[in-house]
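Just so you know, all these numbers are worked out from the coordinates, no wet-lab data involved. Predicted model, so just to flag it, every value in this text is computed and none were measured.
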């Protein structure tokens, strides 16, 4: 759902063709929890490359990738490899405004939030996007700081009590307040990431394809 919000906003500012969202990603850290589907970085990279090659044959030369999962570490390596492999196209990610997260946290009045996955912000997000799927009950637990150094190495069932790297306690905010914070956070975050995106894409294409300028 978040990836669809990204794509809708970026497609609008770019006046671009938007492909349907791919519903699966790399989620090895959550794979030991029932219901999680994860696919390998090699498979998703190959699939997206095939899609891009198909579009390049039709004349598309500029691509923006947006992932709704922060743990999709294949994305950066894939973008660099595609730009190296195909000299007549450009592919970028929309991470040029580094203050987007901080701006969104401020807008939603969530300063001091310290979570990686499955906490207050996750509940706010779900209450905005799909409130009928949410059970407002306690979740998460304290995660020792020393566990962070292992977060990219193993499943989170080894490091957390319930897969949440954050916590939520009901009763602090109403359902309406939670949904409002979710909407404020994501609309601010996505709007900030969309600002200047067209200029970045056009400049990257010009530097790489049209002039070959290196800085």
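Figures for the structure shown
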| read-out | value |
| --- | --- |
| Whole-angstrom gap from the stretch 45-104 to the stretch 171-207, using each part's C-alpha centre | 18 |
| Theoretical gain in end-to-end length, residue 8 to residue 146 [0.36 nm per residue, Cα-Cα removed] | 45.8 nm |
| Cα gyration tensor shape for the stretch 130-215, rounded if a/c is under 1.5, else prolate or oblate | oblate |
